[in-house]
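Note sheet for the following structure.
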Amino acid sequence: MTDSITALVGLNYPEYMADLVNEILLRLGVQPRTMGIKMQGMEGFEHAELYPAGELFEQYFKAATDEEFGLYLLDVNLACSMGEVVTAQDVMPGRRVVDLLEERIKAGTAKVVTFSGRPDVVEMARQHGVPCVDKSIVMPMLGDLVAAPNMRKFAEVYDLGVRYD
């Protein structure tokens, strides 16, 4: 029997996605650890570990550094507020996670996908070598992501904006 797959999930707005992402991952046999921004009125929210916006990315990055997950899913701008004009700084959370896991991604032991609901942010992430998709396809692609043996095979099916040669 193989080890179970685990996922580290980082969401800017967990109240909108955490329960569904967690449910899909659990049905796929993946144990999620989900983190999100704690907003006012979210007391008793049980679908994610909640942190103030200023602490969320560092908590996510610490977990990614301290533990090995098979999947890493996150808002590419995790815990960063963005203006109307997107800059490279807006996608640095995703870039830092990809950089941290680069060797594991190449070895096929980790898969990283970031996402955003803004097409301009997706494009900026891709320009900086961060695998990024539109938020609307995150749920439908999870089964394929879990089943893919590595990022190269997954990227053959989904346009992530980066190459895995």
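Throughout, read-outs are computed from the coordinates displayed, never taken from laboratory work. In this text the structure is predicted, and so the values were computed from the model without any measurement. Every residue, glycine as well, gets a Cβ built from its backbone with ideal geometry; the counts of neighbours run over all protein chains shown.
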Item to check | Residue among LEU101, LEU50 that alone is closer than 29 Å to TYR164 by Cα and surrounded by fewer than 23 Cβ atoms within 10 Å (Cβ to Cβ) | outcome: LEU101
Checklist outcome for this item: THR65 fails exactly one of (1) among the hydroxyl-bearing types (Ser, Thr, Tyr); (2) touching a strand residue (DSSP E or B) at 6+ places or on another chain (Cβ under 9 Å); (3) within 21 Å of ILE5 (Cα to Cα), namely (2)
Item to check | Filter result (exposed (fewer than 12 other Cβ atoms within 10 Å of the Cβ), of a type outside the set (Asp, Glu) and over 15 Å from the mean Cα position of the chain (by Cα)) within segment 135-156 | outcome: ALA147, PRO149
Checklist entry - From the list GLU46, GLU55, which residue is assigned to a loop (DSSP other than H, G, I, E, B), more than 19 Å from PRO131 (Cβ to Cβ) and of a type in the set (D, E, K, R)? => result GLU46
Next on the checklist: Residue under question is PRO32, and the condition is that it be crowded, with 20+ Cβ neighbours inside 10 Å and either without any contact (Cβ under 8 Å) to a residue 60 or more places away in the chain or at positive phi (or both); does it hold?
Outcome noted: yes
Checklist entry - Can you name the residue in segment 80-96 that is under 15 Å from GLN127 (Cβ atoms) and either free of Cβ contacts under 8 Å to residues at least 24 places away in the same chain or of a type in the set (Ser, Thr, Tyr) (or both) and, of all such residues, is surrounded by the most Cβ atoms within 10 Å (Cβ to Cβ)? => result MET92
Checklist entry - Does THR109 qualify as being touching a Phe, Trp or Tyr at 6+ places or on another chain (Cβ under 9 Å) and either within 16 Å of ALA7 (Cβ to Cβ) or not in a helix (DSSP H, G or I) (or both)? => result no
